[in-house]
Amino acid sequence: MKKIMLLIFCMVFLVGTVSAFEFDNKLTYSNEDLKVDFINLFGFGKNYGSAELKSHSSVNEIKQIGAGNQVVMYYDFNFTELYSNGLGDVEFIDVKTREIIDRDYNFVYWGTAQRDVYTESCNQLGNKTLVCDNILSGTENYETWLPYISRDIPIGNIRIGLQTNVEIGDRIDGIWTIIGKQVSRHAEWIASLNSGLVQYFKFTEEVFTNVVNDSTVTTNGTNFGATTTAKGIIGNAYQLTATTESINTSVLLPETADFTINFWFNQTEDTLKRAIGQGCPDDTGARFCFQVDNTQINAFFQNNPQNLTFSVDATDGIMHMITLKRDSNNFSLFYDGDFRVSAGSSGAISQLRPLKFGSDTGGSTGHIGNVDEFGQWNRSLTNAEIETNLWNGGLGNTFTNQFGAEITNIFPANNSILTSGILNVTADVDGSGSLINVSIFVDGTLNQTNTSTLNTNYSFDLTLSDKVYNVVWEAYNSIERTQVHNRFTIDTTAPQNMNITSPFGFVPYQVSGETLKINWNVSDINIDTCRILLNDINTTVTCADNTTTIVVTNSSAQEIVLYANDSVGNSGTTNRTFTYSAFQNAIFFNSSSFETKQETFTINITTNNTAPQDVELIYNGTTFTGGVATNIAGNNYNLSRTIGVLSGTGNKTFNFNFTLGGKEIQGTDNQQSIAATLFGACNGTLTVPYINFTFRNETLAQENVNATFTSTWVYSLGLLSDASKSFSFTSATENQNYTFCGIPSERTININVNLTYNNDISQQRSFSLTTALTNVTATQILFLLPTALGIFSPFKTATITGDTITDVKAVITRILGGSLIDVTSGFTDGSGFISFFLDPDETYTATFSKTGFADNTFSFVPAADTRTVVMGTGVAVIGNGTTIARGLLYNITPINGTLANNTDVNFTLFVSSNETITLMSLNITNSTNTQLLFASQSSQGLISGIANTGNQTRLIGTYIIQTATETITVKRIWIVSIEFEGDYSIYRQLTLFTTYGFSDFMRILMVIFSISAIMIFLTRREVIDTSESKVIVATLLIWAFSLVGWLDTGLVSSTDSSGINRLSQLSNQFGVAIISTGVSTFFVLRRVFIRRI
């Protein structure tokens, strides 16, 4: 009870908060319903105030309003306190059709504004000419309608009006909503050309001195000599036959306000004649003048510099219509209903005299012709009023204040619904005293007519079936025919033809939480509401839509019920059952991911007692077969597929496809957002380093060096074999290091890179790396070997039976500075060959590996001869033949890697093989690929040629050995320099003399000179006192010079026997030493035995 009392107390307390509640407001009417008081019941009869309709003399008055944006009605408000948002919406009803229509509107209030005031000043010149001018003399306040930008009703008195666009033919009823209540006593207005009319002359009466003003203004015009004629646009017109004849109107033009004048005329003379004005050029102090000749029509104002002129010949004797209006600050001129020209307006119009047709003061330029139907309005007519009403297709129009009959529909109300087809329709008809007949039309067909001519209620009995009817009341009086439309519905039956058309039978695929589309049919002339029952939830739908979507949350929702009602209480129902082939209960995936990352997609579905098969994932248009269906329990399954996300960023669409009982089922689309996975040389975008490559010499000092760099990369966030991206990076400039970065920076990136690197003093090396990288930067040291310190050591991979194995990975390592280092790596080519540039004075470890074969790991000292690496058991991958390496021997000179410049060098290739050699060639080029020497032959043996090193910096030798099925390509690079580089041992320097082309004669002289000098040294003072010792020393010197190649005989034989070839090479290099050893041995032994004897 205390709570109830507290609530009542609060409600009473809140009564003073105006507009807090509106449901308790009440309207009371007085003053013949023109005044309405607003009372709050919960405020115990509190009177907020009143609003009284002042625009109409009664609530039944139909106010005549001009077309255009007009104030059509207004109330005088008197409120005791401010009422917030008291002005509600306004409802517009077309009285002719009784239907609600849309109109833009705004509120205005009657207030005070300010405008300029002009004073006319006239001066008489010496020739007695009177010159007048309007001069701005100040401002004045005046009352007018002003914008009301609030919806509040203020305290005290205020007049508030409704401003809206009035269209030709309108008859509108305006219903205001004030403090939440509609004012039921309405106010109507009708579009009327009479609105604002201040004078109108039909010029149809007999000619008198007074010209009748046919409008409501009582002041007539004055005639000075005009006569009547039958040549008017409507009835008679006034005719001016001399330049001295004229007709004066009775009302002044507004000084600064809007106005419109309209008249019809014809002119029969070509010369410039005044038609109408306040004085024209011959009249001193002319205020306004309108003139016509055979070339133009011209209008000008005394205080406006702009002339309104357009070209036309209006002297054709035909009646033409002229309209001039001022709208705010703009003059517009119309000719025969069409707009022709406009100009800005300024200043005021003279108030000394009204307009005059015909003669000016001098009597020399007055209009000669007819004038008819002159009207003047104190408003600016709309263009539509000028074209439609006044011009009227060239027929013109005239003044009238007599209108057609008034019809007010009584029963049934417009847009009503009736449950019986037997009815008596009723309307009230007022024929303005001259009613002829009243008729009723049903759906365009005349039904009945009453000719009683009484101004009273008319009733007609109708018997109608169920449908919507358009009934038209029509009344004739002596003025015109009037019609009022009424629309109503007869509805006596329930909704018909109810049917749910889908879903029907099986729904192939439905996702929990998503909508199911439902379609239906239902018909009723007065259908009102429909609802769908699904999932034990009622959903209200629009019957006429015939379709809707409803969210489904479980697979048990397999029945739909449709209920329909019409507006008079009739109802109907129908239902439909169906089955889901597959119902998706849940989906599991990452909403965002990265390119190349492995992602697993899983959906959980319930099927119709059938196991899913042939599971596929369609991802961004690519089909991934091999999806897995896992039974969870009963008819519940998980469908899964793991893929590597393909390249491409943005939203990727995916869905599952599968079959149920042999029928393909397509799942719904989902989207995954994919961001970029990038890896490459660090730059402004790639800033997180993953791996850094540096370069060192493969020497004990391990000096840091620069190198060029060429690489091909494959990288992935997942498996490289699944989804990956690739790029190439090349730097022809030697740099100390190369750093590579990646994004996303927090992910592990798997990479496979094959690269080559080089510099000017080293031979090119290759390196292959497959690993996983993180944002903890990895450092990879790559080693280069100066050209002077190494040789190319070739390898060939084969099976136990000698068959070639291609694409075998070879990794070369060694111990350097106490640590194991990766020296170089690569893959064998299509012939199973690979060659590495290595130090012949060091021991390396090689590991050859290939899937399907056992790894072959061994230690070796590099040599120029090809080493065959036999892979363990497994299935060999055979490529391009298997026999070229069997029994193959080849030798290339020069052996050393450094050549002197400007020196002739002998380049040779010797080949011996058990196979038939179809081509052997050598090609010597410089660093710009310019050929310096080429030699070839189509069989095995020796080919050679001499090339001068000139001022080159590097020479490149390309050697090709070819059989009918296979090709071996070997490359050699020589550094050309003024000085020898690399090994500075006596052995190395002496062997260089053979390479740099010292002639055999010079070398033999140097040998003899060296031996002789040593012998003289040993003989001097008997350093060695026996001849045997001197012979032994000389023999050792001969062996030393043979070892470095200074005593080669130049005799080399080439046979099919490798043993004989090796013996030939041995005798070429050490033949002189062997013979000398034999002779010296004989001498020493002979001396030893002689001494003993």
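FYI, it's all coordinate maths here, none of it is from the lab. Computed from a predicted model, the values in this text were never measured in an experiment. With ideal geometry, Cβ positions are generated from the backbone for all residues, glycine too; neighbour counts draw on all protein chains shown.
Between ASP270 and SER328, the modelled label-to-label distance comes to 4.3 nm, taking each label 7 Å out from Cα in the direction of the beta carbon. Between the alpha-carbon centres of the stretch 893-932 and the stretch 584-648 there is a gap of 62 Å. Taking 18 Å as the cut-off for C-alpha to C-alpha distance, list the pairs among LYS35/LYS181; LYS63/LYS325; LYS231/LYS325; LYS63/LYS202 that go past it. Cα-Cα > 18 Å for LYS63/LYS325; LYS231/LYS325; LYS63/LYS202; rest within.
Distance between the modelled labels on LEU1036 and LEU27, one decimal in nanometres: 14.0 nm (7 Å Cα→Cβ projection). Does the stretch 780-933 come out rounded, prolate or oblate, given a ≥ b ≥ c as the square roots of the eigenvalues of its C-alpha gyration tensor, rounded meaning a/c under 1.5 and, failing that, prolate meaning a/b above b/c? It comes out oblate by the Cα gyration axes.
With an 8 Å Cα cut-off and a minimum separation of 6 or more residues, compute the relative contact order for the stretch 406-490 in percent.
Working: 209 pairs, mean separation 31.9, N = 85.
Worked out over the stretch 406-490, it gives 38 percent.
When peptides 505-518, 324-337 are sorted by average Cβ neighbour count within 10 Å, with the highest value leading, the order is 324-337, 505-518. From least to most packed, judged by other beta carbons within 10 angstrom and beginning with the fewest, THR323, THR204 follow the order THR204, THR323. Work out, in µm²/s and without decimals, the Stokes-Einstein translational diffusion coefficient of the stretch 633-692 at 20 °C, 1.002 mPa s, Rh from Kirkwood over C-alpha pairs. Approximately 137 µm²/s, per Stokes-Einstein.
Determine, from the Cβ-Cβ distance of CYS682 and ASN902 and an R0 of 30 Å, the FRET efficiency 1/(1 + (r/R0)^6), rounded to the nearest 0.05.
On the way: r = 45 Å, r/R0 = 1.49.
Taking R0 as 30 Å, the efficiency between CYS682 and ASN902 is 0.10.
Working note: Karplus 6.51/-1.76/1.60 with θ = phi - 60° gives the stretch 850-867 the couplings 7, 4, x, 10, 6, 4, 10, 10, 7, 9, 7, 10, x, 9, 6, 7, 6, 9 Hz, where Gly and Pro are set to x.
Our summary gives the stretch 589-675 a relative contact order of 36 percent, counting only alpha carbon pairs under 8 angstrom and 6 or more residues apart. Amide H contacts under 5 Å for GLN780: ASN692, PHE693, THR694, restricted to partners 5 or more places along the chain or on a different chain, H placed in the peptide plane at 1.01 Å from N. Summarising the label geometry, the points placed 7 Å from Cα in the beta-carbon direction at ASN60 and GLU746 lie 8.4 nm from one another. Pop out the ³J(HN,Hα) list for the stretch 102-111 in order, Karplus 6.51 cos²θ - 1.76 cosθ + 1.60 with θ = phi - 60°, rounded to Hz; leave Gly and Pro as x. Per residue, the Karplus-derived 3J(HN,Hα) values read 9, 9, 6, 8, 8, 9, 10, 10, 8, x Hz.
Under the definition of Cα pairs under 8 Å and six or more residues apart, what whole-number percent is the relative contact order of the stretch 371-519?
Details: 264 pairs, mean separation 34.2, N = 149.
With pairs under 8 Å counted, the relative contact order is 23 percent.
If you build the convex hull over the alpha carbons only and average its shadow over all orientations, what do you get for the stretch 579-714? Give it in nm² to one decimal. Each step should come with its number before you reach the end.
On the way: hull surface 51.0 nm².
Taking a quarter of the hull surface, the average projection is 12.7 nm².
Extension gain, THR969 to SER452: 0.36 nm times the residue separation minus the Cα-Cα distance gives 173.7 nm. Extension gain, ILE100-ASP760: 0.36 nm per intervening residue step, less the Cα-Cα distance, totals 228.2 nm. Taking amide H as placed 1.01 Å from N in the peptide plane, ILE178 has its amide H under 5 Å from the amide H of GLY88, VAL183, each at least 5 places away in sequence or on another chain. As a proxy for reagent exposure, ARG481, ARG379, ARG171 were ordered by neighbouring Cβ count within 10 angstrom, fewest first; the result is ARG481, ARG171, ARG379.
Would you mind getting me the FRET efficiency between THR868 and THR770? Use the beta-carbon distance for r and R0 = 22 Å, nearest 0.05.
Calculated transfer efficiency: 0.25.
Listed values for the stretch 757-767 are Karplus-derived 3J(HN,Hα) couplings in whole Hz (6.51 cos²θ - 1.76 cosθ + 1.60, θ = phi - 60°), namely 8, 6, 8, 5, 10, 10, 8, 5, 10, 10, 8, and x replaces Gly and Pro.
Between THR577 and THR630, what is the FRET efficiency for a Förster distance of 30 Å, r being their Cβ-Cβ separation, to the nearest 0.05? List each step's numbers first, then the result.
Details: r = 30 Å, r/R0 = 1.01.
Plugging the Cβ-Cβ distance into 1/(1 + (r/R0)^6) gives 0.50.
With neighbours defined as other Cβ atoms within 10 Å of a residue's Cβ, the residues SER416, SER849 order from fewest to most as SER416, SER849. Hull volume per residue, based on the alpha-carbon atoms of the stretch 496-578 and their convex hull, is 77 Å³.
Under 5 Å from the amide H of ASN447 lie the amide H atoms of ILE440, PHE441, VAL442, each residue being 5 or more positions distant or on a separate chain, with H modelled from the backbone and absent for Pro and chain starts. Net length available on complete extension from ILE821 to ILE1011 is 63.8 nm, with 0.36 nm assigned per residue and the Cα-Cα distance removed. Centre-to-centre separation between the Cα atoms of the stretch 770-827 and those of the stretch 405-440: 108 Å. Taken over the alpha carbons of the stretch 741-798 as equal point scatterers, the Debye sum produces base-10 log I(q)/I(0) values at 0.17, 0.18 Å⁻¹ of -0.75, -0.79.
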